[in-house]
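To start, the structure itself, in structure tokens.
Throughout, read-outs are computed from the coordinates displayed, never taken from laboratory work. Predicted model, so just to flag it, every value in this text is computed and none were measured. Backbone-built Cβ (ideal geometry, glycine too); neighbour counts: all protein chains shown.
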């Protein structure tokens, strides 16, 4: 149960809001009506995330953390830009985008997870930790869709709201990209 | 097109005005505590990141000109002893366990701080009423989370000491 809680706290940690930002970008075209897609997209993210987290924590995949951090910010920017280009219409590529980009985010947790998970409980804790992450993501997405739904009901244009949110996401992800460009590129 | 211009303006505005650092750091340690019936001892190990640990040790030396890395291992160990005593306290059934620092092992990416203490009660008494207070590195990083794993008679219990629980938890097996 501790590791479920840990995963949940990690995803809801406001200091690490890059995951939240990605979820905001990912769910831009979704509403409660598309609940099946919502589940698919979020689960695909968790699958990609869980897989690469395990691979990175066991050193099967080794990517330098500064490149992973840059990759994470790029996924946020690209996801928001992708939905903006498509005028926030639903895309069949959504779950695949989510799976691949979830994989990039999972790499970011690899070193942390290998530090906290003891040898004898590595895989035993892996599943509950990822269940916690999934629950946290579902919570964030439900809150987002609820905000969209309420906004619609009080007369806010959904497209306008989405455009605003996209602007914020693009701003923050651009900042992240600029801050995380590895020094060796210069 | 209007929308794109609007978003671009918003983006530029945000870039100019948003100065907060966008970075996520994890501050964490892992502590194992064993009740060793054979040795009649409570022992264990605290694992933390070397850079975090160095920063905490340098803070202890703040009134001196020396830096932690310049000290010999005996002096470093005496600092470890002082710091651990101040920040790590374990009680069982209201009775404090007199844990003492017993050595340091430095790995490639971790520092291991070993500790031990006497088992002053019958083995069965360690089944109930654990109280662990662990503020290691929390003086440097308030978001520090100290994960603690209690091992007793083949059973294991994992929890953590963090800001949200005032860096303290209780448990009974």
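For this structure, a couple of remarks:
- Degrees, to the nearest 10: B:73-87 long Cα axis against longest axis of chain B: 90
- Average silhouette area of the stretch A:85-186, convex hull of alpha-carbon atoms, in square nanometres: 9.4
- Counting only alpha carbon atoms, the long axis of helix A:2-12 and the longest principal axis of chain A meet at about 40°.
- Computed over chain B with a Gaussian network model linking Cα atoms closer than 10 Å, the most mobile of B:36, B:52, B:72 is B:72.
- Inter-label distance, nm, simple model (7 Å from Cα along the C-beta direction), residue B:106/residue A:147: 4.6
- Inter-site label distance for residue A:15 and residue B:94 at 7 Å from Cα along Cβ, in nm: 3.6
- Between 0 and 90°, nearest 10: helix A:158-180 axis offset from chain A longest Cα axis: 30
- Cα-based shape type of the stretch A:45-126, given that a ≥ b ≥ c are square roots of the gyration tensor eigenvalues and the cut on a/c is 1.5: prolate
- FRET efficiency for residue A:93 and residue A:5, using Cβ-Cβ distance with R0 set to 30 Å, rounded to 0.05: 0.35
- Simple spin-label estimate for residue A:32 and residue B:165 in nanometres, 7 Å along Cα-Cβ: 3.5
- Three-way shape label, the stretch B:25-171, alpha-carbon gyration tensor, a/c 1.5: prolate
- Global geometry of the stretch B:68-140, whether rounded, prolate or oblate, following the gyration tensor of its Cα atoms and the 1.5 cut on a/c: prolate
- Cα-based Rg and Dmax for chain A, where Dmax is the largest Cα-Cα distance (Å): 16.5, 55
- Temperature 25 °C, viscosity 0.890 mPa s: under these conditions the Stokes-Einstein estimate for the protein assembly as shown, based on its Kirkwood radius over C-alpha pairs, is 108 µm² per second.
- What the Kirkwood sum gives for the stretch A:138-177 is a hydrodynamic radius of 11.1 Å, with every pair of different alpha carbons counted.
- If R0 is 30 Å, the Cβ-Cβ spacing of residue A:74 and residue A:159 corresponds to a FRET efficiency of close to 0.75.
- Average partner coverage of A:171-180, which counts Cβ from other chains inside 10 Å: 4
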